[in-house]
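The block underneath contains the structure these notes are about, expressed in structure tokens.
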Amino acid sequence: MTSTVETGALDLDELRKQFPLLEQESHGKRLVYLDSAASSQRPRAVLEAMDHYYETTHANVHRGVYAIAEEATRQFEAARHAVGRFIGAPHPGTEVVFAKNATEALNLVAHSYGRHLLPEGKAILLTELEHHANLVPWLMLAAERGVELRYIPVGEDYRLDLSGLDALMDGVGLVGVSCMSNVLGTINDLGPIVAAAHAAGALVVADGSQLVPHRPVDVVSMGVDLLAFTGHKMLGPTGIGVLWGREELLEAMPPFLGGGEMIRDVRLDGFTPNDLPWKFEAGTPPIAEAVGLHAAIGFPEAVGMDRIAAHEAELTSRAIELLNERHGDELKIFGPPADPVWRGGVLSLGFRDIHAHDLAQVLDAEGVCVRAGHHCAKPLMRRLGVTATARASFYLYNGEDDVVALSDALDVAAAFFG
Amino acid sequence: MAGLEDLYREIILDHYRSPRNRGELPVPPAHRVEGFNPLCGDEIVVYLEVDDGIVKDLRIAGQGCSISQSSASMMSASVKGKPVEEARTLIRSFKAMMSIHEHSLGGDETDGEDEEAATVKPDDLGELAALQGVVKFPVRIKCATLSWNTLAQGLDEIAAGVPSGG
């Protein structure tokens, strides 16, 4: 296999060998995985870390006084610190809350802050390009508390239209915004949004699910108050997500789920919540998953997030160029033009008049895995005037050979549907 | 392993390229009913005109993949002009043909009562049998059953005197 893409010092052949799943075939062809925006694959190091944990260490955390229980607790909390350091959290030990996924992390904010601390009469400002995970929890809150929801529109350039931001921000108590669109690949400029929100006294909760795996992220310079993301999109296991929040904010927020672990004292007539971050972690947490996530973070840390970001930006640029060159007007890419800073490696495609499902089915027969559908962003799809797109998304293990395979498969689809 | 030709039979592609009974009917007298596939966002609208126990006319609108569109087209051709009871038997038969995997997917509302009622074997379903290959692609079963579920809902609504939905 040869890769002609400029990868800087990334050696794709060596890198791919560390991902067992990428070594297999699909329908007798090389498996071309272009769906990392839905879920990434994991390197062997993550699988081994989790196996090793289960084989040598597993016990419940924060309970037993025996050696393996203490070691399990140590590894679980070490994972928390590693995640915190990865995103530049000032207080990793208290500000990183483990949840089931980003969706649960955002629901935590909607339940805890939204139902108890959002001042009466304040509106919530979202955007038209949010994933359902950052829409439905707020729609539920709106239905329950009668909170007004507003939306920053998406412009013709597939970017957030901030021209009316000041008017939209008037009377807003909380802003929910995605760092990067999972449909368009647009990386949002959060700077002006955060500044306007804070000037209006509003909090900003960011959905980092698509950005954290692909770009260096520093929560302090980003300026947001809360950041949600998920492990399985960043080489880690499923079943673990993260909510980072400023310490004093999390301190003020009441618990979300109730149960063991999240309490300091329970009486028959009430309870006292535990300290941060365990206050938000009811029940046995995802311990092995935290160990796996710790190992997952080690992977990009070793490779270098800057190099990964550069590789993906270059690949995205090359992909747009190559696909437009080979397929011209028959292919529509819903998203902004290539840009090293403001565009991520997500290409939502419309090809001829072939429905996304049919397209993805033919691509699958060619070994090419893409996502087809509305990508859990139905309001955005309506805005785009389509019901479904086929989406190819890149990660550090993808190269130009994958883009060529995609392009070849598009030709097969064109021939098949005539 | 199932190949694409199991899924995309020529008759299916023909119905996709030249859908039968495409369009709308004035409401009323026709009854309008919408169906959604939450997985992919496909939407279908069925316009039904039932008179004297007969499906006098029907039209299909909306958009979707080749499987959902061709299944809708075939459905329209097979029930138009037929007595409502015959249409219901066809719905049961078609869903029975599709149901094996639907159950394993935790899928549709094919209940036990339906399965005991009269059905037609796949071999006697005419060109509808071409859609049998869809069961080899479990994710696409909901595409194939969308229009049939929508038709069933429409017939139920007409029988119950429910006004046309959105």
Return a yes/no flag: does region A:384-392 have any residue that is within 11 Å of A:Val183 (Cβ to Cβ), of a type outside the set (Val, Ile, Thr) and not in a loop (DSSP other than H, G, I, E, B).
yes
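One line per residue, one yes/no per condition, for (1) in a loop (DSSP other than H, G, I, E, B); (2) within 30 Å of A:Leu162 (Cβ to Cβ); (3) in the same structural domain as A:Gln210 (by TED's automatic domain parsing):
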| site | (1), (2), (3) |
| --- | --- |
| A:Tyr53 | no, no, yes |
| A:His58 | yes, no, yes |
| A:Ala69 | no, no, yes |
| A:Ser112 | no, yes, yes |
For the subset of region A:168-227 comprising residues that are among the charged types (D, E, K, R) and touching a residue at least 40 places away in the same chain (Cβ under 8 Å), which member is surrounded by the most Cβ atoms within 10 Å (Cβ to Cβ)?
A:Asp207
Do we have A:Arg343 as under 28 Å from B:Asp6 (Cα atoms), modelled with pLDDT of 95 or more and basic (Lys, Arg) here?
no
Mind listing whichever residues of region B:39-66 are on the phi > 0 side of the Ramachandran plot and more than 14 Å from every other protein chain (Cβ to nearest Cβ)?
B:Asp52, B:Gly53
Only one of B:Ala72, B:Ala77 is surrounded by 16 or more Cβ atoms within 10 Å (Cβ to Cβ), away from every other protein chain (no Cβ under 14 Å) and in contact (Cβ under 8 Å) with a residue 40 or more places away in the chain, namely B:Ala77
Over region A:346-368, the set of residues more than 10 Å from A:Arg391 (Cα to Cα), within 24 Å of the chain's Cα centre (by Cα) and more than 12 Å from chain B (Cβ to nearest Cβ) is A:Val368
Are any residues in region A:34-85 crowded, with 22+ Cβ neighbours inside 10 Å and in contact with an Asp or Glu (Cβ under 7 Å, 6 or more places away or on another chain), and if so, which ones?
A:Leu34
Could you list, in sequence order, the residues of region A:376-393 that are within 22 Å of the chain's Cα centre (by Cα), facing chain B (nearest Cβ under 9 Å) and buried (at least 19 other Cβ atoms within 10 Å of the Cβ)?
A:Met381, A:Ala388
Just a yes or no: is a residue in region B:15-28 within 14 Å of chain A (Cβ to nearest Cβ) and assigned to a loop (DSSP other than H, G, I, E, B)?
yes
Quick one: is A:Thr316 β-branched (Val, Ile, Thr), under 30 Å from A:Asn398 (Cβ atoms) and either modelled with pLDDT under 95 or buried (at least 22 other Cβ atoms within 10 Å of the Cβ) (or both)?
yes
Being more than 14 Å from chain B (Cβ to nearest Cβ), out of contact with any Asp or Glu (no Cβ under 6 Å at 6 or more places or on another chain) and among the hydrophobic types (A, V, I, L, M, F, W, C) is the requirement here; does A:Ala319 meet it?
yes
A:Arg42: modelled with pLDDT of 95 or more and assigned to a helix (DSSP H, G or I), yes or no?
no
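The values are calculated or read from the model by the stated rules, or taken from the named source; none is laboratory data. Computed from a predicted structure; not experimentally measured. Cβ atoms come from the backbone with ideal geometry, glycine included; neighbour counts cover every protein chain shown.
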